[in-house]
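Everything on this sheet refers to the single structure shown next.
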Amino acid sequence: MGGYLTYGANSPASPEEPHRRERSLAIARVFLAASVFIAAAYTPSNSQWPSLRPLFLAGYLVVAAGVLLLLRTSRGRRPLTTGIVHAIDVVAATGVALLTDAGGPFLLVVLFPLIAAAHRWGFRATIATAGAIVGLLVTHAVLVTTFAAAEPGQPGALKLLGVRTALVLMAGVLLGYVTQTEKRIRAEGASIAAIVSRVELRTGLSKAMALVCDAIVRLFDANRAILVIHETASDRVWSWEGGRLNPGPTVPLRVTALDRNSLDTYLFAPISTAWHAIRRRDDRLDVVALDREGVRSRGSMPAIPEPFLAAIGPFHQLMAIDVEIPGGELTGRFFLIDSRWDGDRESGLAFAQRIVRQVHPALYNLYLLHRLRSRSAASERARIGRELHDGIIQSVLGVQIQLHALSVPAATTSRALASELNRLGTILRDEVVALRDLIQRMKQLDITPDQLMNTIADVVQRFERETGITARFITPFDRIDLPARACGEVARVVQEALVNVRKHSGARNVFVRLAVTDGICRLAIDDDGRGFPFAGRLSPAEQEHTRQGPVVIKERVRLLGGELTVESDPGRGARLEISFPVAIHAIHG
């Protein structure tokens, strides 16, 4: 009934499941054959061959018992093919229909192969089984008419054949439909449960999203999935794009912080709460839409905006499901690109709608936990920063002042003692600067593009004021349109680079430059200090091979989706060059 139920739910739960199913059918077959055999002894026969009925039913009972015995002694092996056993049931059903009036308990023998076919295979096999029984009945009627000199126009015989044929066909349709519907519901439930089970607290939000995208893409045999989310409280827009997971630890999930203008591109006024579009050969989009209740929307569908089509990229099929958290804190839309299944579009779209409704509460809980952890960590960092500032730093400053006060009278009695006191005072001053750097790095940086330049300038000026090293920030821009998360990472990179200069370089001058060329943001930090313990220029690949370069800065640059190049001239200085695209796609939530 559709290729969208191919993800795990239709496959057997274990290799022994078909064998257990056949054993249950074999037990039912023996019970049925025995019951009909006993009932036949007390029921008069209206058939042309009354003496054949007990022999035929006894033979069916013996065969049923033999099949059960073989299945019980096979220990998991398949002694008989399912097709042979099913053919025996069809022949038995036809024989019973011919040797009896097909009423009472004998009707169960006719129904049994239909039930078995529905249980084993589904709707089509059930209809085929009903057709086979009808075909045998019609063949028998033709043979009797041809070779037994029966009158072809006997109204009683024709009426009985018609009644039997109608009953078998109607029973096949009803059993096949009910069983197929039950299997589909069970498969849908198993598929949804398998997807929801991937949302685990310990995996983290990004990993859970990657696993969910992988599961849905495999379930619908799609190319990729995109979830666009609007956080109404902060008015931020995020895009989560994923596909099938490759073997290994890497998660091919791309998280993009979109600008506010992208909201209308992806979350335009909906055609409906769920819709599916197919691109025809004439480039026309054929759209099927469902409302919130899963009912197909009638009438002409509005055109899909061109900016959205350009943003989503080329596709043959596109499915979209609206996502809304109660309370309106998060709204969004889930897109499935180039899904492939052979089922009805409406039922597939309704199934996707049910999946999203079941999965997004679990993801929302994980999102709340992620946000709670972030806020808790930020609050803890702020508390530690306050304690450092009001406790340890003030105590160290007090000791430094006392050492300076002691060094003045000590200079008149012992120059060595005064020099040692001054040296200790210098160490304490450096430690105060280091603690203040630590406090600054612990602070939560929520920087907008309008604040980025002033923030970097303040960092550079504070560095100059606290260290005495001449520092300059040079940029021709007042604003660079970066996502807020990227702005924070850029400011952190500058902070970390200046801390390294203070600790290790012995430089007297530092220059921080920020520019944008051809859509690439370029940040450079130059100093005239000792440099790194190598001469020349190292690319990112060479840094990984030689294990050189600033580790923390490399990690932050990787989050920005950029590259770090390190240039060193020992004794004369060093230069860090960071480049990353302005349209950042690699900041992970």
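The values are calculated or read from the model by the stated rules, or taken from the named source; none is laboratory data. What you see is a predicted model, and the numbers here were worked out from it, not measured in a lab. Positions of Cβ are generated from backbone atoms using ideal geometry, with glycine treated the same way; all protein chains shown enter the neighbour counts.
Does GLU241 fit the bill of being part of a strand (DSSP E or B), among the acidic types (Asp, Glu), closer than 24 Å to GLY348 by Cβ and not assigned by TED's automatic domain parsing to the domain that holds SER191? For GLU241, the condition - part of a strand (DSSP E or B), among the acidic types (Asp, Glu), closer than 24 Å to GLY348 by Cβ and not assigned by TED's automatic domain parsing to the domain that holds SER191 - is met.
In the range 540-550 there is no residue matching the filter, namely being in contact (Cβ under 8 Å) with a residue 60 or more places away in the chain, under 28 Å from VAL255 (Cα atoms) and either surrounded by 14 or more Cβ atoms within 10 Å (Cβ to Cβ) or touching a Cys at 6+ places or on another chain (Cβ under 6 Å) (or both).
ALA524 meets the stated requirement of being under 14 Å from VAL557 (Cα atoms), out of contact with any Gly (no Cβ under 8 Å at 6 or more places or on another chain) and either not assigned by TED's automatic domain parsing to the domain that holds ALA457 or not in a helix (DSSP H, G or I) (or both).
Search the range 566-587 for residues being farther than 17 Å from PRO533 by Cβ and in a strand (DSSP E or B), and hand back the single one that is modelled with the lowest pLDDT. Top of the filtered list is PRO581. Kindly check whether there is at least one residue in the range 535-551 that is under 18 Å from LEU452 (Cα atoms) and not assigned by TED's automatic domain parsing to the domain that holds SER234. Within the range 535-551, not a single residue is under 18 Å from LEU452 (Cα atoms) and not assigned by TED's automatic domain parsing to the domain that holds SER234. Taking the stated definitions as given, is PRO326 outside any strand (DSSP E or B) and modelled with pLDDT under 85? Yes. Here the condition is being in contact (Cβ under 8 Å) with a residue 24 or more places away in the chain and closer than 30 Å to THR426 by Cβ; of ARG572, ARG522, ARG537, ARG556, it holds for ARG572 alone.
Being modelled with pLDDT of 80 or more and either within 30 Å of PHE112 (Cβ to Cβ) or not in a helix (DSSP H, G or I) (or both) is the requirement here; does ILE185 meet it? The answer is yes for ILE185. Considering each residue of the range 476-498 in turn, at least one proves to be in the same structural domain as THR565 (by TED's automatic domain parsing), of a type outside the set (D, E, K, R) and surrounded by fewer than 15 Cβ atoms within 10 Å (Cβ to Cβ). Taken over the range 539-564, residues that are of a type outside the set (A, V, I, L, M, F, W, C) and assigned to a helix (DSSP H, G or I) amount to 10. Take the conditions (1) under 18 Å from the mean Cα position of the chain (by Cα); (2) without any contact (Cβ under 8 Å) to a residue 12 or more places away in the chain; ASP286 misses just one of them, which is (1). Restricting to the range 188-203, give me the number of residues that are closer than 30 Å to ARG373 by Cα and either surrounded by fewer than 17 Cβ atoms within 10 Å (Cβ to Cβ) or modelled with pLDDT of 80 or more (or both). Going through the range 188-203 one residue at a time, the tally reaches 10. The single condition among (1) crowded, with 19+ Cβ neighbours inside 10 Å; (2) in contact with a helix residue (DSSP H, G or I) (Cβ under 8 Å, 6 or more places away or on another chain); (3) not in a loop (DSSP other than H, G, I, E, B) that ARG354 does not meet is (1).
Each row is one residue, and each column tells you yes or no for (1) surrounded by fewer than 19 Cβ atoms within 10 Å (Cβ to Cβ); (2) modelled with pLDDT under 85; (3) in contact with a Phe, Trp or Tyr (Cβ under 8 Å, 6 or more places away or on another chain); (4) not in a loop (DSSP other than H, G, I, E, B).
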| site | (1), (2), (3), (4) |
| --- | --- |
| ILE229 | no, no, yes, yes |
| THR250 | yes, yes, no, no |
| ASP264 | yes, yes, no, yes |
| PRO270 | yes, yes, no, no |
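Could you tell me which residue of the range 78-99 is modelled with the lowest pLDDT, considering only residues that are of a type outside the set (A, V, I, L, M, F, W, C) and in contact with a helix residue (DSSP H, G or I) (Cβ under 8 Å, 6 or more places away or on another chain)? This residue is PRO79.
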